[in-house]
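Just so it is clear, none of the values below were taken in a lab; they were calculated from the coordinates. Values in this document were obtained by computation on a predicted structure and should not be read as measured data. Here the Cβ positions follow ideal geometry from the backbone for every residue, glycine too, while neighbour counts run over all protein chains shown.
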């Protein structure tokens, strides 16, 4: 198994994963989407809401706001020593009290833990008119994407097999395919048509379709995956991959333990 | 009503981009503003492009 990083920042990551089966790549993808823990607002205690939105609408909007928290410092409510009743080890409390006229932003939430913060401070929650008021307490808890999308930190997490063009002898170098490529990555090198950058290819197959002689075929390398995903800001992408791999490892170990006991 | 917090399809946070987007669209082409804001996928672009802010109309009622 080999990993070659193509692009990496705190919010986006792209790498070439080679020498693995599709099952392995898919396991990593699913772990990233559904198993990596994240903090999100899970419960609201609404004291006063005279805004135009229903309590439920506000609850959904607040749940989707990404929250940055060190997930190693918090427990899942069901695994916490308090037995799921709620304590400072498994939940964070945000308070909000705003009177109109103003727009209430995610940045107006005041956290009980100074290290747990909202990632984007400029997300509008609701616009209040003169005399309208929103007063509530929000409880943030740790969870995983399998349970609800608000606990999913990986965005647009997907992979494709690395594509390449196979050219038959029918090719007369008419260059139609080169011109047809919207990304400009089909080119003639040494008298042969080639896909120069398979990573960038969007698999549109325009080059294949424009060829009058049916000389081109888009093929895939079944053991190489161009893997990409983004983070919603609650965690760094590098931390997310490591977390996902560790979760996979734990699951496999658990399985092998069960199998040994049979 | 209010701009959705995230893109319905991919989950990217787009709520925080709305105010800048709607302001800049008054004298710039929307496509260019979206490119500037780093909204690349068409699922996220339609979230901002097709949004109708109705909150001012509705907030007269409680």
Practice task
Counting other beta carbons within 10 Å of each Cβ, put A:65, A:5 in order, fewest first.
Solution key: A:5, A:65
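Whole number please: convex hull volume per residue, Cα atoms of region A:38-151, in Å³. Present the calculation step by step, with values, prior to reporting the outcome.
Details: hull volume 10.4 nm³, N = 114.
Per-residue hull volume (Cα only) is 91 Å³.
Please give the FRET efficiency for residue B:53 paired with residue A:95, using the beta carbon to beta carbon distance and R0 = 22 Å, rounded to the nearest 0.05. Spell out each step's value before the answer.
Working: r = 27 Å, r/R0 = 1.23.
Step by step, r from the Cβ atoms, then E = 0.20.
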Practice task
Provide the FRET efficiency to the nearest 0.05 for the residue A:174-residue A:3 pair, computing r from the beta carbons and using R0 = 41 Å.
Solution key: 0.60
Problem - Angle between chain A longest axis and helix A:237-260 axis [Cα atoms, degrees, rounded to 10] - result: 90
Practice task
For region A:184-262, count the residues as N, evaluate 2.2 N^0.38 Å, and divide the Cα radius of gyration by that value, please.
Solution key: 1.81
Fill in the blank from the handout: Measuring from the longest principal axis of the C-alpha atoms of chain A, the long axis of helix A:22-34 (C-alpha) lies at a number of degrees, nearest 10, equal to 20
Exercise for the section: Let me have the 222 nm mean residue ellipticity of chain B computed from DSSP H runs of 4+ only, each contributing -39500 (n - 2.57), with the sum over all residues rounded to the nearest 500. Expected result: -10500 deg cm²/dmol
Completion exercise
Residue span residue A:10 to residue A:196: 0.36 nm per residue of separation minus Cα-Cα distance leaves a gain in nm of 64.2 nm
Exercise for the section: For region A:176-203 and region A:15-47, compute the distance between their C-alpha centroids and round to whole Å. Expected result: 33
Fill in the blank from the handout: Candidates A:74, A:54, A:159; GNM for chain A (alpha-carbon contacts under 10 Å) flags as most fluctuating A:54
Problem - residue B:46 paired with residue A:112, simple spin-label distance in nm, labels 7 Å along Cα-to-beta-carbon - result: 4.1
Completion exercise
Between the alpha carbon centres of region A:53-107 and region B:31-60 the gap in Å comes to 26
Exercise for the section: Over the alpha-carbon set of the protein assembly as shown, work out the extent along each principal axis and list the three values in angstrom, largest first. Expected result: 76, 67, 27
Practice task
Could you work out how far apart the two model spin labels at residue A:87 and residue A:56 are, taking each label as a point 7 Å from the Cα in the direction of the beta carbon, and quote it in nm?
Solution key: 3.5
